[in-house]
Amino acid sequence: AKPVSRAALAGEADPRLVALSVSIQDDGALYAEDIRGSQAHVTMLAAQGIVPKAVARRIVAALDQVRAEFAAGKVRFDPALEDVHTHVERRLGELVGKDAGYLHAGRSRNDQVALDERLFIVAACDRCDAALERLQRAFLSQARAHEATILPGYTHLQRAQPVSLAHHLLAYVEMFGRDRERFAEVRRRAAISPLGSGALAGTTLKLDREAVAARLGLAGVTRNSLDAVSDRDSAIELSFACALAAVHLSRIGEELVLWTTKEFGFMTLDDAFATGSSLMPQKKNPDVGELARGRAGRALGDLVALLSIVKNLPLSYNRDLQEDKRPLLGGPDALVLTADAVAGAVETATFHADRMEEALGSGEALATDAAEYLVERGVPFREAHEAVGKAAAFATAQGRPMAKLTAPEWKGFHPRFEKDVLRVFDARKSLARRDLPGAPGPRQVRRELARWEKALGKR
Ligand code: ARG
C-alpha cells in the first residue's frame with residue numbers, strides 16, 4: 001500500500017488545491033470565538049494536569065495578544081494555513097515557541113470549529129434579539145400615537161374592513177415577538193459544548209468537558225461525539241430564524257413602498273430615511289423598504305445553502321462543512337442592519353390619518369356589519385350576505401355610496417332591515433364593537449398596547 005501523502009500537511013499541496021481549501025477569508029471572522037475556546041481548553045488541560053500550569057498561563061496570555069492582533073487587522077493571512085484555527089495556532093507558536101504545541105491536546109479542528117460556531121450563534125442570537133426589540137419599540141411607539149387613527153384593513157390588497165393603525169402596527173410587533181422567541185430557542189439549543197468530541201471519537205485523555213462548558217458560559221456538553229462534530233443544526237436554525245425575521249421585514253418593506261406612493265399616500269418617510277433620484281428631482285424614494293425586501297432574498301439563499309451543504313453527508317465530519325461559513329456568518333449582521341434601518345424609518349415616519357380615513361370610503365368597508373345587523377335579528381348569515389350583496393351592487397350601479405342608501409331601499413333588500421340600519425355606517429362605531437380578544441376595537445388595542453409596553457419595559 002502506498003503511504004499516505006503528507007503533502008498537504010507539509011505545505012506542498014498543489015496551489016489549485018490550496019486555493020480551493022483556504023477559508024481564512026471567511027472563518028477569520030471567528031477569531032474571537034476560536035481564541036476563547038482555546039483559552040478555556042488549555043486552562044482545563046492545566047487543571048487536569050495534562051499541561052504544566054505555567055505553560056497554560058503563557059498560552060492564555062499570548063492568545064490575548066493574538067486576539068488583539070486579529071482585532072487590529074494585523075494578522076497576515078496565509079493561504080497555506082487554510083483556516084482560522086491554524087492561523088491562531090501558528091501565531092501562538094511564534095509568540096510562545098514550542099510550548100504552543102501543548103494547546104491542541106485532546107482536541108481536533110473538528111470539535112474546535114463546532115464550538116466556534118456555537119459561540120458565534122449564541123452571541124448572534126443576542127444581537128438579533130436586541131435589534132428586534134428595538135424594532136418592536138419603534139412600532140409600539142407609533143402604535144401608541146395612532147390609537148385613534150383608522151384605515152381600511154386589506155385582504156387581497158383590496159379594502160376590506162376598518163381597523164386602527166395601532167392594530168395594524170401591533171401586527172408587526174407580534175411577528176417580531178415570535179421571531180425573538182425563535183432566537184431564544186435557537187440560542188438555548190446552541191449553548192452546549194462539543195469540545196472533547198475530538199475528530200469524531202473523543203480522546204483517551206482525561207478532559208473535563210463540563211468545566212470547559214462552564215467556563216464558556218455554556219449550559220452543558222454534547223452527548224454523542226459523532227453527532228457533535230457533524231451537526232450543523234444550530235447554524236441552520238439560526239439561519240432560519242434570520243430568514244423568517246427577514247421575510248417579516250420584507251413584508252413591512254413592501255408596505256412602506258406601497259404606503260409612500262402617491263396612490264396610497266398613507267405615510268411619508270422622514271427625509272433622513274428616504275433617498276432622491278440622481279436624475280429626477282421630484283423623487284423621494286423608499287429605498288429602505290426595497291432593501292428590506294431585497295435582503296430577505298439573500299437570507300433565504302443562505303438558509304437553502306446551509307441545508308444543501310448538510311444534506312447527504314455521511315457521519316461524521318466532512319470537509320463540505322467548511323462551506324457553511326459564508327452563509328452562516330453574514331446573516332445575523334445583515335438582519336440587524338435591516339431591522340435598525342426599518343426601525344428608524346418607522347419611528348420617524350409621518351402617517352396621514354386623513355388619507356387613511358378617505359380610503360375607508362363611505363360605507364363599503366362596513367358591508368359585513370350590515371350583514372351582521374341582520375344576523376343579530378335572527379337572519380341566517382348566508383341570507384344576510386346575499387341581501388347586502390344586492391344592496392352593494394345596487395349602490396354601485398347607481399353610483400351612490402352604500403352609506404347613502406335610504407331606509408326604504410334597505411327594506412327592499414331584506415324585510416328585517418329597519419331604519420336603524422343607517423347607524424351601521426359609522427366606521428368608528430363599527431370598530432368599537434369589535435371587542436373580542438385579538439380584535440381591532442379600541443378597548444382590545446389599548447389592552448395590547450399596555451401588555452406590550454409592560455413586556456418591553458422602560459428604556
Ligand atoms: N476549516 C475547517 C471547517 O470549517 C475546520 C475543520 C477542518 N478539519 C479537517 N479535518 N480538515 O470545517
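Which entries of Lys404/Lys429; Lys390/Lys429; Lys98/Lys325; Lys262/Lys284 show an alpha-carbon separation above 22 angstrom in the structure shown?
Beyond 22 Å: Lys390/Lys429; Lys98/Lys325.
How large is log10 of I(q)/I(0) for segment 110-358 at q = 0.15 Å⁻¹ when the intensity is taken from the Debye formula with one equal scatterer per alpha-carbon?
-0.98
What fraction of the Cα pairs in the chain, stated in percent, has a spacing above 42 angstrom?
Of the Cα pairs, 38 percent sit more than 42 Å apart.
Whole-Å semi-axes of segment 119-264's equivalent ellipsoid, largest first, each the root of 5 times a Cα gyration tensor eigenvalue?
One finds semi-axes of 45, 15, 10 Å for segment 119-264.
Give the percent of DSSP beta bridges with both residues in the chain that are antiparallel, rounded to the nearest 5.
80 percent
Provide the FRET efficiency to the nearest 0.05 for the Ala201-Thr268 pair, computing r from the beta carbons and using R0 = 60 Å.
Efficiency, from the Cβ-Cβ distance: 0.45.
Find the centroid of the Cα atoms in segment 207-269 and in segment 338-372, then give the distance between the two in whole Å.
With segment 207-269 and segment 338-372 each reduced to a Cα centre, they are spaced 30 Å.
Based on Cβ point charges of +1 for Lys and Arg and -1 for Asp and Glu, what charge dipole magnitude is obtained for segment 83-165 about its Cα centre, in debye rounded to the nearest 20?
I would put it at about 260 debye.
Compute the angle between helix 84-96 and the longest alpha-carbon principal axis of the chain, please, reported from 0 to 90 degrees and rounded to the nearest 10.
That works out to roughly 40 degrees.
In percent, how large is the relative contact order of segment 110-358, given Cα pairs closer than 8 Å and 6 or more residues apart?
Answer for segment 110-358 is 26 percent.
Please determine, in degrees from 0 to 90 and to the nearest 10, the orientation of helix 442-456 with respect to the longest principal axis defined by the Cα atoms of the chain, where the helix direction is its Cα long axis.
Value to nearest ten degrees: 20.
Given H placed on each backbone N at 1.01 Å, which residues far from Gly153 in sequence or on other chains put an amide H within less than 5 Å of it?
For Gly153, whose amide H was placed from the backbone, the distant partners under 5 Å are Ala160, Gln161, Val163.
Quote the relative contact order of segment 15-105 in percent (integer), defining contacts as alpha-carbon pairs under 8 Å separated by 6+ residues.
40 percent
Where the only charges are on Cβ atoms (+1 Lys, Arg; -1 Asp, Glu), what is the dipole of the chain about its Cα centre, to the nearest 20 debye?
Its charge dipole is roughly 720 debye.
Residues with beta-carbon under 15 Å from that of Val257, excluding Val257: net charge, scoring Lys, Arg +1 and Asp, Glu -1?
Taking every other residue near Val257 into account, the sum is +1.
Residue separation times 0.36 nm, minus the C-alpha to C-alpha distance between Leu315 and Ala171: what's the value?
Between Leu315 and Ala171, full extension yields an extra 47.5 nm.
DSSP loop GluC sites (Glu not before Pro) in segment 379-454 with at most 13 other Cβ atoms within 10 Å of their Cβ, which ones?
Glu418
What does the charge count near Thr406 come to, summing +1 for each Lys or Arg and -1 for each Asp or Glu among other residues with Cβ under 14 Å from its Cβ?
Spelling it out: positives minus negatives among the neighbours equals +2.
Using bins 10 angstrom wide from zero, how does P(r) for segment 363-456 break down, in % of all Cα pairs?
Calculated over all Cα pairs of segment 363-456, the distribution is 16, 42, 24, 12, 6, 0 percent.
With r defined as the distance between the Cβ atoms of Ala71 and Arg178 and R0 fixed at 60 Å, what FRET efficiency is calculated, to the nearest 0.05?
0.95
Determine the gain in length on full extension of the stretch Leu157-Glu409; use 0.36 nm per residue of separation and subtract their C-alpha separation, reporting nm with one decimal.
That pair, Leu157 and Glu409, stretches by 87.7 nm at full extension.
List, in order, the whole-Hz ³J(HN,Hα) value for each residue of segment 183-189 obtained from phi through the Karplus relation with A = 6.51, B = -1.76, C = 1.60 and θ = phi - 60°; use x for Gly and Pro.
These are the phi-based 3J(HN,Hα) values: 4, 5, 5, 4, 4, 4, 6 Hz.
Any chance you could give the angle, 0 to 90 degrees and rounded to 10, that helix 331-348 forms with the longest Cα principal axis of the chain?
30 degrees
Do you know the relative contact order of the chain, to the nearest whole percent, from alpha carbon pairs under 8 angstrom that are 6+ apart?
Relative CO of the chain lands at 16 percent.
Any idea which of Ala54, Leu30, Ser108 is furthest toward the positive side of the dipole for segment 20-179, if Lys and Arg beta-carbons carry +1 and Asp and Glu beta-carbons -1?
Of Ala54, Leu30, Ser108, it is Ala54.
In nm, to one decimal, how far is the modelled label at Arg223 from the one at Ala61, with both set 7 Å along Cα→Cβ?
With each label point 7 Å from Cα toward Cβ, the separation is 4.3 nm.
With label points built 7 Å along Cα→Cβ from the Cα atoms of Asp426 and Ala105, find their separation and express it in nm.
8.4 nm
Bear in mind that the values in this text are calculations on the coordinates, not laboratory data. Treat the numbers as computed from the prediction; the structure is a model and nothing was measured. Heads up, the Cβs are rebuilt from the backbone with ideal geometry, glycines too, and the neighbour counts pull from every protein chain shown.
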